[in-house]
Amino acid sequence: MLTNSAGQRPGQVRVAALDLQHSRRRSALVVGPAEFPSRDVAAARLRALAAVGSETRIGLEPSSETTRWRFCAGDIGDAVVEVPMPADPINLFDVVRSMPDRQLRVVLAGDHLAIDFSHGLGDVSLLQTIVDVIVGGIDPADDELWRRYRGRRSPLGIAALRTFGSDPRRLATLLRFHRHRPEWTSDRPATGAFTPQRPARVRATKIPGTVAGSLRAARDRTAPGVGMFAVYTCALRRSLVTAGIPVNPMVTLPVDVRTYLPDDVATLASFSAGLAFDVGDDVSPAELQRSLTESIRMGRPVANLLVGTAKLRMATKKRRATVDHDARLPDHPVRANLLHSSVGRTPRTDHLRWLSPDHRLVLGLADPVGHTGITVTSAMVDTSIWMTATFDDSVFDADRVACALEGVAAAARQLLGGP
């Protein structure tokens, strides 16, 4: 929620406690090959987006110390630069992250686009909006577009009222759920910054459309009703273990909480809950899917954000910064804490003019939470799946992580009963 209430200095915006927490991490995207505008056009379009106001988020200056952030769009166009296209698109992550530190950084490299931004500003919804604006799919001057984002009530409060106020039985179900599972599996909001000795290493792989299609067909035959995200999550953990990387059986899966909001309420702030699920060696995709479905039905994502917000507010009042539970390099060997996130089909804009259909890519990147974290972001392009992993390569061998990504499709086929 954003407010400009009386008593705040001009240019200040009150943000959610979770925004403060997320400001310690960054997210990024590389997309192409496609037709992108010149640097001047892209900069002008971002200026127009920032001029709409703080509801578009990009003019906010994130802080990890206070929930009162400065809003000063300034010349957001300075965030955009043009560079020569590197030989490998994945190297654009290094390019965009080597730019001067600011809340948003945009690199145009011929027919590829790279965006890097503070996770405190938002998540995939904000990323989608930025891409749409840059390619001309959204006109920021259309005031009707922003009406849903200007409510004075907290989106989390609205989600909680709609979830638990409309059906109090969900609270009883949640209490039973937490009472009957071990304490070590409880959801714990990730805290602290990722501060390795060097930037997080990135590895990526593509599951071609023909392979992904055959896996979906196998899923339809052997596990109808199971989402491919559940299949790939189980396969991903299994493939990491096969590659020689021990993995904690409790895997974090972000769940979008916007599904609990009415159609006339929206937010571009981060609004997903990281829930822990058992993805142990004996857990099937069908079992994981049931756990996901039950969690969503009982309102567990909303409860997770409510509890996380309350804890962060208490910590802020005590003037005690949240501390990374994983701030120092661990002793070897360690078990990886896996987080698997899906950005879906991004970017979804019909205005993006793709080039070279056989080489389309969307690489999503999110900083791992701590040195023992491996964060994998999946994105769909046409019928293909791109998986991007970020991790500290002083803890995990980069070749093993790359090998694990390459083995996800084979692991998925085995899980679905294939050879």
Inter-residue pairs, beta-carbon under 7 Å, first modelled with pLDDT of 90 or more and in region 54-66, second among the hydroxyl-bearing types (Ser, Thr, Tyr) and open to solvent by less than 30 Å² (accessible area, probe 1.4 Å), 6+ apart
Leu60/Ser54; Pro62/Ser23; Pro62/Ser118
Inspect all residues belonging to region 97-116 and state whether any of them is surrounded by fewer than 23 Cβ atoms within 10 Å (Cβ to Cβ) and assigned to a helix (DSSP H, G or I).
yes
Given the criterion open to solvent by 90 Å² or more (accessible area, probe 1.4 Å), touching a residue at least 60 places away in the same chain (Cβ under 8 Å) and in a loop (DSSP other than H, G, I, E, B), identify the matching residue among Arg162, Arg152.
Arg152
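Filtering region 262-304 down to residues that are β-branched (Val, Ile, Thr) and under 30 Å from Glu55 (Cβ atoms), which residue is most open to solvent (accessible area, probe 1.4 Å)? First the steps, then the outcome.
Narrowing region 262-304 to residues β-branched (Val, Ile, Thr): 265, 267, 279, 283, 293, 296, 302.
Now restrict to residues that are under 30 Å from Glu55 (Cβ atoms): 265, 267, 296, 302.
Working: Val265: 32, Thr267: 19, Ile296: 74, Val302: 0 Å².
Checking each candidate, the answer is Ile296.
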Residue in region 259-274 that is assigned to a loop (DSSP other than H, G, I, E, B), in the same structural domain as Arg297 (by the TED database) and over 30 Å from Leu121 (Cβ atoms) present:
no
Could you check region 222-241 and list, in sequence order, the residues that are more than 24 Å from Ala366 (Cβ to Cβ), open to solvent by 40 Å² or more (accessible area, probe 1.4 Å) and touching a residue at least 40 places away in the same chain (Cβ under 8 Å)?
Thr222, Gly225
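Residues of region 54-68 being open to solvent by 10 Å² or more (accessible area, probe 1.4 Å) and either of a type in the set (Gly, Ala, Ser) or touching a Gly at 6+ places or on another chain (Cβ under 7 Å) (or both), which ones? Give the steps one after another, and end with the answer.
First pass over region 54-68, keeping only residues open to solvent by 10 Å² or more (accessible area, probe 1.4 Å): 54-55, 61-68.
Of everything in region 54-68, those that are open to solvent by 10 Å² or more (accessible area, probe 1.4 Å) and either of a type in the set (Gly, Ala, Ser) or touching a Gly at 6+ places or on another chain (Cβ under 7 Å) (or both) turn out to be Ser54, Pro62, Ser63, Ser64.
Looking at Ile115, is it over 24 Å from Trp69 (Cα atoms) and assigned by the TED database to the domain that holds Gly74?
Values: over 24 Å from Trp69 (Cα atoms): no; assigned by the TED database to the domain that holds Gly74: yes.
No; evaluated as a whole, the condition is false for this residue.
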So which residues in region 383-407 are closer than 12 Å to Ile207 by Cβ and either open to solvent by 20 Å² or more (accessible area, probe 1.4 Å) or over 20 Å from the mean Cα position of the chain (by Cα) (or both), if there are any at all?
Thr383, Trp386, Glu406, Gly407
Selection from region 335-347 of residues that are at pLDDT below 80 and surrounded by 14 or more Cβ atoms within 10 Å (Cβ to Cβ):
Thr346, Pro347
Check whether at least one residue in region 357-375 is β-branched (Val, Ile, Thr), touching a residue at least 40 places away in the same chain (Cβ under 8 Å) and touching a helix residue (DSSP H, G or I) at 6+ places or on another chain (Cβ under 6 Å), and report yes or no.
no
Taking region 348-379 and keeping only residues that are modelled with pLDDT under 80 and open to solvent by 50 Å² or more (accessible area, probe 1.4 Å), one is left with Arg348, Asp350, His351, Pro357
Based on this model, can you work out whether Asp282 counts as part of a helix (DSSP H, G or I) and free of Cβ contacts under 8 Å to residues at least 40 places away in the same chain?
no
Report, by residue number, each residue of region 25-35 that is out of contact with any Phe, Trp or Tyr (no Cβ under 7 Å at 6 or more places or on another chain) and surrounded by fewer than 23 Cβ atoms within 10 Å (Cβ to Cβ).
Pro33, Glu35
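Looking at region 376-401, which of its residues are of a type in the set (Gly, Ala, Ser) and touching a helix residue (DSSP H, G or I) at 6+ places or on another chain (Cβ under 9 Å)?
Our first condition is that a residue be of a type in the set (Gly, Ala, Ser); within region 376-401, this holds for 378-379, 384, 389, 394, 398.
Correct list: Ser378, Ser384, Ala389.
The values are calculated or read from the model by the stated rules, or taken from the named source; none is laboratory data. Just so it is clear, the model here is predicted, and its values are computed rather than measured. In this analysis, Cβ positions are derived from the backbone assuming ideal geometry, glycine residues included, and neighbour counts consider all displayed protein chains. In case anyone asks, the SASA skips ligands and DNA or RNA and just uses the protein heavy atoms, side chains included. Shrake-Rupley method; radii C 1.70, N 1.55, O 1.52, S 1.80 Å.
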